[in-house]
Amino acid sequence: MTPSPMVRVVDDDESFRTAVSRFLRASGYSVRAYGSAAEFLADSTWQLPGCILLDLEMPELDGLAVQEALKTAQCPLPIVFLSGRGDIPRSVMAMRRGAEDFLTKECAHESLLEAIQRAVVRDAADRKMSARLAELRSKLARLSEREQEVLREVVRGKLNKQIAADLGIHERTVKLHRTNLTTKLRIQSVAELTRLVQEAGWTGPGPVAFPKGQ
Amino acid sequence: MCVSVPSSSSRRRISGAFNWCHWYVLLFTLIFLGTVRGEVTLDQRDYLVRSWQSEDGLPENSATAMVQTADGYLWFGTFNGLVRFDGIRFVVFDSVNTPELTNSSVVNLYLDRSGRLWVATLGGLVVRENFRWRPVDGLSLDSGDYVRTFAERTNGDLLLTLAKGGIWEAVEGRLRELPLPPGERGAGYLGFTDEEGRWWVAQYKYVGCWDGREWQAHPEMLASVPEKYRPLGAAPAREGGFWLFVGHELRRYFRGKSVATRHVPNGNLGSISTIFEDSLGTLWIANYDAGLTEVSPTGRVRRWAEEDGIGYKDVRFVFEDRERNLWVGTSGGGLQRLKPRRFRSYGYAHGGTARLVSSVSADSRGNVWVSTFGQGLFLWEPVKDSLDRIRPPVWATNSLHFNSVLADREGRTWLGVFEDDLICFGAGTKQHIRAREVGGQVSVLFEDSQGRVWCGAGNAVTVFEGEQTRQFRQFRLDSGSPGGVVCALTQAQDGTIWASNRRGVFRWQGDRFELVLGSDGQPLLDVVCLHGEDKETMWMGTSGRGLLRWQAGRVRTVDETVGFPVKAVSAILEDDHGFFWMPSRQGIVRAHRSALADAASGRAMKLTCQLLDTADGLPSNDCTGLHQPICANDPQGRLWFSSAKGVAVVNPGELQISQTGPPVQIESFRYVVPSGIGGRTSFVVNPPFPPQLELPPGSSEIEVHYSAPNFAAPEKLTYQVMMEGRENAWQPRGSDRLERLHTLPPGHYVFRVRAADGDGVWNEIGSRLSFVVEPHFWQTVWFGLGVGTLLISSGGLAGWTWWQRKVLRALERGHLAEERHRAELETRQLREELAHSSRVSTMGQLASALAHELSQPLSAILRNAEAAQLLMRQPSPDLKEIEEILADIRTDDQRATSVISRMRALLRKHPLELKSLSLPEVVDDVVTLTRADALRRRVRLEVEFSGKLPSVRGDRIQLQQVLLNLLLNGMDAMSDQETEARQLTVRVRTLNGGFVEVAVIDRGSGLPAEQLPRLFEPFFTTKPQGLGLGLPISRSIVEAHGGRMWAENNPGGGAAFFFTLPAESEAQTS
C-alpha cells in the first residue's frame, strides 16, 4: 500500500495549524505540523511525497524566506502559500519563485483542497521523473570511463569509424564498447540512447583530452 | 340479517315446535315495538374526566390540597413540592428553588381572605404574600407534625389545628396556642368555624366550641349516633354554618341547630381526608382509602372508584375552580379534573363498530327517535332517561341501516330504510311506500307547520297530506343540470317550502319548485341545509363555503374571513334564545342569529361564536349525521344532535359561556445585556414588576413569558400580543406563551397580551408591562449632534484646547481660582472628546493589522468546522476528536471576541475614570494590540520592565491611547530602516521622587533639532496624512494624570519619547 501523500503544515498560529491539519487529515492526507520555519527545516522528511502548506507571515523566518531556504536545500516539495490577508506583491513574488498556489487562510475549502491536490500530483510527477533520472544516472555511473567517452561520441551522432579515430582506438573496440553500453543501459537503439542521455542531462566525463602524442 | 334476540320465556314458547315459521311470525308480532335491553347502556356521566400524572409533569404522583389565587392560577401541594398550574404548565416550588420551603412535602394549603397563601409542609408553615415567601415563626412543630386544618373568621383570624393535636389561633397577626380540649392525646382535631366566627374542633368522640376562655363540649351532636360511629369530617357550608359528617349522616349546623341532613348509606367510609361542598351544593367526601363519595342536594349518592377515572382510592381533596371544574387530588393517582359536560351523550357501552347516528327526531311527547346506520332504531323516553333500541314493525323491515327518521305530530314515525322503502307506522298507521314511488331511497324527511310530511328522495320531493299516506303529490327539482339528490327541506316564515340539492335551491310556488337565484343570477350550489329567518331571509349552510344569507335575491357569506370556524355546515338549528347551532365535522358551531347577520352584512368584522366539540362532552366531533333531520329541538327546548359515536343533547338555557375571558398573567421578562469583555449577562425579572422596567443600552434577546390560567379548555386558548411603541395592532400568537424580540431600538414600550378561551371570549384587559430600552450614547440625539460638531470643528476644538490652556495660564496668573476650576472642568470634557476622536482615528491605522488578528481565529474556526463536517460523514465518526474540535472552535471564538472587545474598549467614549493600574498590564494590552501590525511592518517589539514597579493611578483607556500613539509613531519612524534595524523598545522604570517613567525608544533616523520644541504643538506634523493631534493630546492626557511628557534623540540614533506618572502612594498624598 502506498502511503497517502504527506502535507507539511508550517504555521506559527497554533490553533489554525491544528485546525487545518485536522481538516486535511479528515480529507485523507497524512499531515505533519510545524510551529516555525526553523522546526520544519530541521526535521526534513522530504523523501516522503506530498507538499508544504506554508504560512506567509511568520515571525523570524517568514514564508518567502523559507521558500528561499528550501530552494537552496533543493527540497523538491511544492509549496502552497497561505496568508492571513491577500497581499498582492508578495503573492506575485511567491508565485514567481515557483509556489504551487497562493491562498488566503479563509479561502473556500474546495480551493484549498484543489491546490493541495495539484501540488501533490505535481510532486508525485516530479518524484517519478527524478526517480527515473536517478536510476539512469546510476546506470551511467556504472560505465567505464572509456565506455562513457564512446557514449558521448555516439550521442553526438558520430560513426564508429570517426569515434575510433577520435579516441585513437580500433573500430572493432568501439563496436565492443557500444555492445557493452546497450547491455548495461538495457537500450536497443541509438535514438533511445540519445533521448535518455539528454533527459539525464548527462554530458559525459568532460572534454576528453586527446591522447598525448596526437 | 336476524335482529331479534328472543327472551328466554319466548324461547320456551317456540320450543313447542309445530310450524316454527308461524311461531316466528307470532313472536315478532308480540314483540312489535318492544324493547331489547342489556346490550346497549347509557353513557350518562355528567363529567369529563382528565387525569394528570407524574409523566404529565407532576413532580410527584400526588395532590394533597388545592387553592386558586386571585390571579387565576391553581396551586396544589405534592409530596415533592408546591405546584402552580395554569392548565398547561406545572411550575414547581420546592426546597431547592425556594429555600423558605424547608421541606418539600406540602400537605396542606390555605388561601386566606387577604390573598395570603399558607403552605403547610411536614414540620413547617410558610406564607406567600405579594410574591414573597416567609416562614411562620412561633408555631412549634416537630418534624413529623403539620397543620392539618385551617379555619378562618370573616375578620381574618385563623384557627390552625395540627396533625398531632395542637390547636393554635392567629388573632390580629399573633399566634397563640389554645388549651387542648378533652379527647385522645396525640391525635389531631378538625378545626372549623361557624356563622358567628366561633372556633369549633372535632375529634372521634368529642365536638366542642371555644367560648374565648375554654372549650364547651357539644355531646348532643353525637347523641343519635351509634357508639361505633364517630364524627369523622367537617366542612364549612355555603349557606352558612358547617357540615359535620357523623356516622352515616351529613348534617348542616346553623345557629346551633341541625338544619339539613343527608343520608349516606353504608356511612362508615373509613378515614375521611376532607369534605367539600361545591357551588351546586353537592358534598364530596374524600377518603384516604375508599375513593370519593358524591352526595347531591337531592340526596343521590354516587361512589367514585378508580375505574371511574379518579386515579387512586386514596383521595385527598375535591376543589372547585372558578370555571366550575372539580379537581380531585389523590395520593398515588395524580390529579384529576372533573369538567362538567355541556352535552350529555348517549352512546352504547357495548355497541358495534358502526356507530353512526344517521338521523334524530323529537316527537311532541318529548320522545326522541334516533336512527342509526347499522345499529337499528333507538328511542329515548324522558321517564326512562335512557336510549333503548326498539324494533320497527316486523311487516316493515328487518334492516338495521336507516337513512332518516321523522316523528310527526300525528304520532306517526316515518323511517327511510337504506336502499329500500319509506315506512310509516304508529297511531294506527301501517304504511309501506315503495322507494320507486317516492323517487328513490329517502334522503330528507320534513314536517311542515300544517302537519304535511315532505320526503326528499332522488331529485323528487313528495308531500303527504292528511292521514292517508297513499295520497301524495310529487314534484321534481329541476335546476337545468342533471343529478342532485334532495338534501334539505325547510319552511320559511311565510309558509313557503324550500328545498335544495347540490345543484340549486328551490322554492315551492303552489304547484312546482322554482329555482332560487343568487345575486349573480346563478343557482346557489352546494347548499346542504336551510333555515328560514323571516319571509325574505333564508340561511343556507354549504358544504365548503361556510354559511350564506339569502335576502331577497342578495347573498352574503359568513365564512372563515370573519372567523366562522368551519367550512361545511350540515344543519342549522335555532334554539329558543336566538342562537344557531350548526353541526359540522369539527363539532357544533354556536352563534347568535344577530351576530351572524352582522357578520354577513359587514357590520361586524369578527363573528363571536363557539365551536363545541368533544372537550364539551360531544361523543365525537363529527356531528354531520347522514340525512336530514340530523338534529332536533324537543318540547323542553333541549337540542339533540347526531354524531358518529352516538347522540348528544344540550340544554341551551344552561350553557355557561364566560363573560370576561381568561385572566392573563405575565410570568417573567428576560433580556440579555452585553457585559465586560465580550461577555453577556442574562437577566430575568419576575413579578411583581415595577411600574416601568429599565433596560440598559444594548439589551437584546428580550423574552416575555405569559400565560392565561384556564382549566376548562387550556389547549384551546389563543393569544394576541401588541408592542405599543413599535406597532399598535394586535398580533395573533396562537397558543404560544412566549414573545421573543431579538432587538428593540431604544425607546419606550408597553408589551400587552390578551387571551381568548375555548369559547372565543377575549379578556380585553389582558396584561401589560411597560419598559424602556435605554439608548447607547451613540444612539442619542445629543451624541449625533456632538459627533457632527466634533467632526466639523475638531481642528477648531484642538485649537481651542490650546487656547484654553493659555487662558488657563493667564487665569492662574490672575489667581482667579474659581474661574480656573470651571475652565478646568470644561477643558477636561473637551479633552475627553478629543481623546476619543483621536483614538478612533488611531484605531483606523490599526484596522488592517487587527483584521489579520481576527482572520486567524476565524480561519481556524472555519477549518475546524469543515473538518468536523468531514468527520461526521465517516461511517463511525471519531466523537472524541469532534469534541476537541468543538472545544477549539470555542477557544478561537473567544480569542476573536477578545480582539473585538479590546478594540471596542478603546473606541468607547467614556469619562475619565481614575483607578489603580499596573503599568505592565497597560503596556501588555497595547503591545498585544500592535503586535500584528509590528509583524507586518517587520518591527521587533521589546518590552523591558525594570525592578518592582509601583501601581499608578490613572485612566486605563487614556493611558493605553498614549502608548498606542507612541508605538505607532515609533514604527512609522523606522519604515525607511533596514529590516534588521527595526526595533522598538518600551521601557518602564521607577524614578526617584515617586514617579514611574515610560519610554518608547525607536531606532529610526531621530528627530531634527529644529523640530524638537514644536513636537507637542497642535497641528504640527511631519507625516503627510497626519493631523498633528496625537502628541498634543497624549501630552494633555499625561499632564491630566499629574505627569510630564517629552522627547529626546537617543545617543545611539533614533528618537525616544518619555512620559512619567506619579506612583500611587505619591498621587494619594499630593
Next item on the list: State whether the stretch B:540-606 is rounded, prolate or oblate according to the following rule on the C-alpha gyration tensor (a ≥ b ≥ c being the square roots of its eigenvalues): a/c under 1.5 gives rounded; otherwise a/b larger than b/c gives prolate, and the remaining case gives oblate.
Entry: rounded
Check: At 222 nm, what helix-only mean residue ellipticity would the protein assembly as shown give, in deg cm²/dmol to the nearest 500, using -39500 (n - 2.57) for each DSSP H run of four or more?
Finding: -8000 deg cm²/dmol
Next item on the list: If a/c stays under 1.5 just call it rounded; otherwise compare a/b with b/c (prolate if a/b is bigger, oblate if not). Do that for the stretch A:6-135, with a ≥ b ≥ c from the square roots of the Cα gyration tensor eigenvalues.
Entry: rounded
Note to self: Using Cα-Cα distances under 8 Å and only pairs 6 or more residues apart, what relative contact order does chain A have, in percent?
What the structure shows: 14 percent
Note to self: Apply the Karplus curve 6.51 cos²θ - 1.76 cosθ + 1.60, θ = phi - 60°, to the phi angles in the stretch B:86-103 and return the couplings in whole Hz, x for Gly and Pro.
What the structure shows: 10, x, 10, 10, 9, 10, 9, 10, 9, 5, 7, 8, 10, x, 5, 7, 5, 10
Notebook entry, point to check: Among rounded, prolate and oblate, which fits the stretch B:355-654 when a ≥ b ≥ c are the square roots of the eigenvalues of its C-alpha gyration tensor, a/c under 1.5 means rounded, and a/b larger than b/c means prolate?
Noted result: oblate
Checklist line | Separation of alpha-carbon centers, the stretch B:954-980 and the stretch B:707-762, rounded to whole Å | finding: 56 Å
Note to self: Through the Karplus equation 6.51 cos²θ - 1.76 cosθ + 1.60, θ set to phi - 60°, convert the phi angles of the stretch B:733-742 into ³J(HN,Hα) values in whole Hz; use x for Gly and Pro.
What the structure shows: 10, x, 9, 5, 10, 8, 10, 10, 10, 5
Next item on the list: Using 0.36 nm per residue of separation minus the Cα-Cα distance, give me the extension gain between residue B:1020 and residue B:473 in nm, one decimal.
Entry: 185.3 nm
Margin query: Restricting to bridges with both residues inside the protein assembly as shown, how much of the DSSP beta-bridge set is antiparallel, in percent to the nearest 5?
Written below: 90 percent
Check: Where the centre of each part is set by its Cα atoms, how far does the stretch B:430-453 sit from the stretch B:560-586, in angstrom?
Finding: 27 Å
Notebook entry, point to check: For peptide B:598-605, how many partner chain Cβ atoms fall within 10 Å of a residue's Cβ, on average?
Noted result: 0
Item checked: Value of relative contact order over the stretch B:954-1006, rounded to a whole percent, pairs C-alpha under 8 Å and six or more apart -> 36 percent
Next item on the list: Past 30 Å, Cα to Cα, is the threshold; run A:128/A:175; B:339/B:384; B:606/B:645; B:257/B:384; B:205/B:257 against it and keep the listed order.
Entry: A:128/A:175; B:606/B:645; B:257/B:384
Checklist line | Exposure proxy ranking, count of Cβ atoms within 10 Å, fewest first, for B:475, B:378 | finding: B:475, B:378
Note to self: Which aspartates and glutamates, if any, have their Cα less than 17 Å from the Cα of residue B:567, not counting same-chain residues under 8 positions apart?
What the structure shows: B:526, B:559, B:613, B:622
Next item on the list: Between the alpha-carbon centers of the stretch B:1002-1016 and the stretch B:99-176, tell me the distance in whole angstrom.
Entry: 84 Å
Notebook entry, point to check: Based on the Cβ-Cβ distance from residue B:872 to residue B:772, what FRET efficiency comes out when R0 is 60 Å, to the nearest 0.05?
Noted result: 0.85
Notebook entry, point to check: Using the Karplus equation 6.51 cos²θ - 1.76 cosθ + 1.60 (θ = phi - 60°), what ³J(HN,Hα) coupling, rounded to whole Hz, does each residue of the stretch B:271-277 give in order, writing x for Gly and Pro?
Noted result: 7, 9, 8, 8, 10, 9, 9
Notebook entry, point to check: Averaged over A:10-20, how many beta carbons belonging to a partner chain fall within 10 Å of each residue's beta carbon?
Noted result: 6
Item checked: Per-residue Cβ neighbour rank within 10 angstrom, fewest leading, B:222, B:919 -> B:222, B:919
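Rule-based calculations on the coordinates, nothing more; no lab input. The shown structure was predicted, so the numbers you read here are calculated from the model rather than taken from an experiment. Cβ atoms come from the backbone with ideal geometry, glycine included; neighbour counts cover every protein chain shown.
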